[in-house]
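A quick write-up on the structure given underneath.
The values are calculated or read from the model by the stated rules, or taken from the named source; none is laboratory data. No experiment lies behind these values; they were computed from the predicted model shown. All Cβ positions, even for glycine, are placed from backbone atoms using ideal geometry, and neighbour counts span all protein chains on display.
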């Protein structure tokens, strides 16, 4: 089958680029002829307050990648669609409704009766929404031949927006960044040190403020926050100061390259995911890959991958009391070592097999 994937790839960073690239590699391994259409300019800078690209690839770039798309060139959207008319399947990787005008332009270039067109939605709608998000996504979902989403809740949302469009669901499989040079993963010692880790981009829906308020109620614990701060770090610094946590919280603002990830996890007793809302996250898989238990909320599919009392602890989202109690349960005598012993790296192969099956089904 001739398949075109339209989505971010190196030098773009983050989970979306990792997933798109891994998907292309796996489809080739299944015997398909794959082209990856990526971006030379994916978003206007004012819509993405941070560095969009990196200089060193994290993993193996896909050889068949073309970087011609730009958010400011509608003529290029149409030309890309026309060029892909001979393909059997075109997969549009949807990370934000901001991409929808470009995808509709490609769909117009593809025409009717051409390749099967599938929207692969990491989020059907953003966690923090703008007025234009719903109409844009409704229009895209009504134009495609099918959609693939990553949770039952997202499937319901997609069907509500476009009742006539077939929607399939598959768990988001692991697609972890690979440190340059194959830097070995260091599994930390079993003795707890009172160190917690919050990892990844800091946005309001991820609940860092909830974690900080819970941390202030539990003495003796420290927290490292490593990742880009969406909209700046000053509000977080102010909250840390007001809670009296200045000597217990270390901020490491900015994108964390793959080469630095093992060191961060080696210092942590647990990764904390205090999300208010979620679809799916690679961070649970990443923690387990590094031998680290997880404290997560029951948001989206996060808790589906955490085995309570075996490799982690779960709690209610947007609830300081519940998260405080989870921290205390985690640090009960003997529990950190027990949970660390229960951590196993995820076997991604069955998840990817199911994922490709769903993507390629009609």
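Here are some notes:
- Candidates 239, 212, 223 - the one that is more than 26 Å from residue 171 (Cα to Cα), free of Cβ contacts under 8 Å to residues at least 60 places away in the same chain and part of a strand (DSSP E or B): 223
- Among the conditions (1) under 18 Å from the mean Cα position of the chain (by Cα); (2) surrounded by 15 or more Cβ atoms within 10 Å (Cβ to Cβ); (3) more than 26 Å from residue 303 (Cα to Cα), the only one that residue 228 does not satisfy is (3).
- Put simply, of 157, 168, 125 the only residue that is in contact with a helix residue (DSSP H, G or I) (Cβ under 8 Å, 6 or more places away or on another chain) and modelled with pLDDT of 95 or more is 168.
- Condition met for residue 278 (surrounded by 22 or more Cβ atoms within 10 Å (Cβ to Cβ) and either in the same structural domain as residue 212 (by TED's automatic domain parsing) or in contact (Cβ under 8 Å) with a residue 24 or more places away in the chain (or both)): yes
- Within segment 120-157, being part of a helix (DSSP H, G or I) and under 16 Å from the mean Cα position of the chain (by Cα) holds for one residue alone: 154.
- Sole exception among (1) within 24 Å of residue 356 (Cα to Cα); (2) touching a strand residue (DSSP E or B) at 6+ places or on another chain (Cβ under 8 Å); (3) loosely packed, with under 15 Cβ neighbours inside 10 Å for residue 30, by number: (2)
- Among the criteria (1) touching a strand residue (DSSP E or B) at 6+ places or on another chain (Cβ under 6 Å); (2) surrounded by 22 or more Cβ atoms within 10 Å (Cβ to Cβ); (3) under 26 Å from residue 149 (Cβ atoms), the one residue 313 does not fulfil is (3).
- Within segment 171-209, the set of residues being modelled with pLDDT of 90 or more and not in a loop (DSSP other than H, G, I, E, B) comprises 195, 196, 197, 198, 199, 202, 204, 205, 206, 208, 209.
- Condition broken by residue 353, with the remaining ones in (1) closer than 30 Å to residue 88 by Cβ; (2) touching a residue at least 12 places away in the same chain (Cβ under 8 Å) satisfied: (2)
- Of all residues in segment 323-345, exactly one satisfies the criterion of being under 26 Å from residue 277 (Cβ atoms), surrounded by fewer than 17 Cβ atoms within 10 Å (Cβ to Cβ) and in contact (Cβ under 8 Å) with a residue 24 or more places away in the chain, namely 328.
- Condition check for residue 47: assigned by TED's automatic domain parsing to the domain that holds residue 352 and either surrounded by 16 or more Cβ atoms within 10 Å (Cβ to Cβ) or on the phi > 0 side of the Ramachandran plot (or both): no
Yes/no matrix, rows are residues, columns are (1) touching a strand residue (DSSP E or B) at 6+ places or on another chain (Cβ under 7 Å); (2) closer than 24 Å to residue 201 by Cβ:
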| site | (1), (2) |
| --- | --- |
| 52 | yes, yes |
| 57 | no, yes |
| 64 | yes, no |
| 68 | yes, no |
| 73 | no, no |
| 80 | yes, no |
